[in-house]
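Every number here is computed from the coordinates shown, using simple stated rules; none is lab data. Computed from a predicted model, the values in this text were never measured in an experiment. Quick reminder, even Gly has a Cβ in these numbers, built from the backbone with ideal geometry, and neighbours come from all protein chains shown.
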Amino acid sequence: MNKKNMEIISSTGSVILLVILLAIAHSIHDTFPQSYGFIVSIVIFIIVISVVGLKLNEMT
């Protein structure tokens with residue numbers, strides 16, 4: 001698989017992961033404040049997209 005296809009797949013997967021995390025944070029708002037769930041979702045998304053970017057950079 002070439003680098004371009006891997007980048008498209010990982011970007012799409014990361015956005016889908018973010019949507020799922022936001023839906024989970026929205027659905028379990030009884031356990032903790034909803035804003036904390038959104039913040040954790042964004043932080044996880046940033047970490048995932050950063051790791052993917054570093055791995056894609058190594059794939060030259």
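Points to keep in mind about this one:
- Backbone geometry of the range 23-29 corresponds, through the Karplus equation with coefficients 6.51, -1.76 and 1.60 at θ = phi - 60°, to 3J(HN,Hα) couplings of 5, 5, 5, 6, 7, 10, 6 Hz, x marking Gly and Pro.
- Vicinal HN-Hα couplings computed from phi for the range 36-43 (Karplus, 6.51 cos²θ - 1.76 cosθ + 1.60; Hz; Gly/Pro x): 5, x, 5, 5, 5, 4, 5, 5
- Across the range 5-22, computed HN-Hα scalar couplings (Karplus, 6.51 cos²θ - 1.76 cosθ + 1.60, θ = phi - 60°) run 5, 5, 5, 5, 5, 5, 5, 5, x, 5, 5, 5, 4, 5, 4, 5, 5, 5 Hz from first to last residue, x flagging Gly and Pro.
- Under 14 Å, Cβ to Cβ, from VAL51 - net charge with Lys/Arg +1 and Asp/Glu -1: -1
- Diffusion coefficient, µm² s⁻¹, Stokes-Einstein with Kirkwood Rh over alpha-carbon pairs of the chain at 4 °C and 1.567 mPa s: 104
- Entry note, the range 3-58: relative contact order of 43 percent, from Cα contacts under 8 Å with a spacing of 6+ residues.
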